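The values are calculated or read from the model by the stated rules, or taken from the named source; none is laboratory data. The structure displayed is predicted, hence computed values, not measured ones. For neighbour counting, all protein chains shown are included, and Cβ atoms are generated from backbone atoms with ideal geometry for every residue, glycine included.
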Amino acid sequence: MAAADVEYRCFVGGLAWATDNASLQQAFASYGDVLDSKVITDRETGRSRGFGFVTFSTEQSMLDAIEAMNGKELDGRNITVNQAQSRGGGGGGGGYGGGRQGGRLRRWWLRQPR
């Protein structure tokens, strides 16, 4: 990962339903330059899912925010703050698979009475 691709992002959990992007940014702004704040919402209802992310311009700002805000109260709820984990590059995608065992399963299936 190139240096330009590094993001200093915090995961913020336990958010109140009333917490929005602006109040999340305001709560974390005193620890450094907040590049982005996002409360994750349900696609269908638009309601908060109770967590979000805050992205800082520097690693030190992120670390200061984690230390200061983890366990603190925001909008009446104690929040959890830690460094966000990378989602990775996708991956296998799951599914049935098959493989070596797939042949055995198919033979078993074909032997079943109909």
- List every residue pair whose Cβ atoms sit under 6 Å apart, with the two residues 6 or more apart in sequence or on different chains, where the first one lies in the stretch 62-80 and is under 14 Å from GLN26 (Cβ atoms) and in contact (Cβ under 8 Å) with a residue 24 or more places away in the chain and the second, anywhere, is aliphatic (A, V, I, L, M) and assigned to a loop (DSSP other than H, G, I, E, B). ASP75/ALA16; ASP75/ALA18
- Just wondering, is there one or more residues in the stretch 18-26 that are exposed (fewer than 13 other Cβ atoms within 10 Å of the Cβ) and either in contact with an Asp or Glu (Cβ under 6 Å, 6 or more places away or on another chain) or touching a residue at least 40 places away in the same chain (Cβ under 8 Å) (or both)? yes
- Task: Output the strands (runs of 3 or more DSSP E) that fall wholly within the stretch 22-83 and possess 2 or more residues being touching a Leu at 6+ places or on another chain (Cβ under 8 Å) and either on the phi > 0 side of the Ramachandran plot or aliphatic (A, V, I, L, M) (or both), or say none.
- Result: 48-56
- Message: So, in the stretch 36-76, exactly how many residues are touching an Asp or Glu at 6+ places or on another chain (Cβ under 7 Å) and among the small types (Gly, Ala, Ser)?
- Response: 2
- Can you work out which of the residues in the stretch 37-50 that are surrounded by 13 or more Cβ atoms within 10 Å (Cβ to Cβ) and charged (D, E, K, R) is nearest to LEU15 (Cα to Cα)? ARG49
- Task: Identify the residue in the stretch 69-112 that is polar (S, T, N, Q) and modelled with pLDDT of 70 or more and, among all such residues, is surrounded by the fewest Cβ atoms within 10 Å (Cβ to Cβ).
- Result: GLN112
- SER86 is checked against (1) free of Cβ contacts under 8 Å to residues at least 40 places away in the same chain; (2) more than 18 Å from the chain's Cα centre (by Cα); (3) at negative phi and fails just one. What number does that condition carry? (2)
